[in-house]
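Below is one structure, written out as structure tokens; the observations come after it.
The values are calculated or read from the model by the stated rules, or taken from the named source; none is laboratory data. The structure displayed is predicted, hence computed values, not measured ones. Backbone-built Cβ (ideal geometry, glycine too); neighbour counts: all protein chains shown. Areas reflect the complete protein model, heavy atoms only, side chains present, ligands, DNA and RNA absent. Shrake-Rupley method; radii C 1.70, N 1.55, O 1.52, S 1.80 Å.
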Amino acid sequence: MINLLVRPRWLALCEKLGIVEAEFKWLALETMYESTDRPYHSMRHISFCLSTMDQFRHQVEDPLLVEYVLWLHDAVYDSSRSDNELASAQLAKMWLSHNPELAQQAYVMIMDTAHPSKPASADGRFVADVDLAVLALPRDVYALYAKNVRQEYRWVPDAEYKVGRGKVLNGFLNLPHIFHSPGFIDLWEGDARRNIKWELHQLLGSC
């Protein structure tokens, strides 16, 4: 159902950006996002990101570019790889090769979703924040997110997963701010930190 709802949006975006073979690329995206080994990094996540963008569209400087980046930012995802953002960024750049300047901007913004540091551009900060908005959702939704992430790493033994996931969560808590945009800090920061602390408690409690 989600795919039927978002497919026309992808095709319309491709027309506006001059991206050729939009239907073929849609099938490629659908195949990647609907892989059974990625219950969180799925088309549902992309749909959520797009809906969040729509809610805060007034904050975006280049809506077409931001939407394209949100579509592609998790296109390549394999929990056993450490270069998913790079591979997704390279794919996004290739599909926009007819517009080198825009392609490079898309590449940089997708790399921002690796959350290495504060993105340089306002739209890059927006994309990074939207990607992490799940951290601030109501507790039952967050719990499902945490469960789905664990499923993506089901090949990792419990003890090893708790250590690795704990490092990721504590990494967020140790940041001055999880989110970059002032409005999102005000709106999401507190709930995100409470959810992360709750998940850490669940991890410790299951030891």
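One table, with the values for the structure above:
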item: Count of residues meeting criterion [under 24 Å from residue 35 (Cα atoms), among the β-branched types (Val, Ile, Thr) and either in a loop (DSSP other than H, G, I, E, B) or open to solvent by 30 Å² or more (accessible area, probe 1.4 Å) (or both)] in the range 136-163; result: 2
item: Failed condition for residue 166, given (1) within 17 Å of the chain's Cα centre (by Cα); (2) under 17 Å from residue 115 (Cβ atoms); (3) part of a helix (DSSP H, G or I); result: (1)
item: Flag if residue 12 is over 19 Å from residue 80 (Cβ atoms), in contact with a Cys (Cβ under 6 Å, 6 or more places away or on another chain) and either at pLDDT 95 or above or open to solvent by 20 Å² or more (accessible area, probe 1.4 Å) (or both); result: no
item: Residue match in the range 175-189 (condition: without any contact (Cβ under 8 Å) to a residue 40 or more places away in the chain, open to solvent by 30 Å² or more (accessible area, probe 1.4 Å), within 17 Å of residue 52 (Cα to Cα) and aliphatic (A, V, I, L, M)); result: yes
item: Odd one out for residue 80 among (1) among the small types (Gly, Ala, Ser); (2) open to solvent by less than 20 Å² (accessible area, probe 1.4 Å); (3) over 21 Å from residue 121 (Cβ atoms); result: (2)
item: Yes/no for residue 194 being open to solvent by 20 Å² or more (accessible area, probe 1.4 Å), closer than 30 Å to residue 62 by Cβ and in a helix (DSSP H, G or I); result: no
item: Condition broken by residue 74, with the remaining ones in (1) acidic (Asp, Glu); (2) open to solvent by 30 Å² or more (accessible area, probe 1.4 Å); (3) not in a helix (DSSP H, G or I) satisfied; result: (2)
item: Pair list, Cβ < 7 Å and 6+ apart or interchain, from the range 58-84 residues that are farther than 20 Å from residue 17 by Cα and free of Cβ contacts under 8 Å to residues at least 60 places away in the same chain to residues that are among the charged types (D, E, K, R) and open to solvent by 20 Å² or more (accessible area, probe 1.4 Å); result: 84/78
item: Subset tally (residues that are touching a Ser or Thr at 6+ places or on another chain (Cβ under 7 Å) and either β-branched (Val, Ile, Thr) or open to solvent by less than 50 Å² (accessible area, probe 1.4 Å) (or both)) for the range 110-129; result: 5
item: Failed criterion for residue 90 (all others in (1) within 24 Å of residue 37 (Cα to Cα); (2) in contact with a Lys or Arg (Cβ under 9 Å, 6 or more places away or on another chain) hold); result: (2)
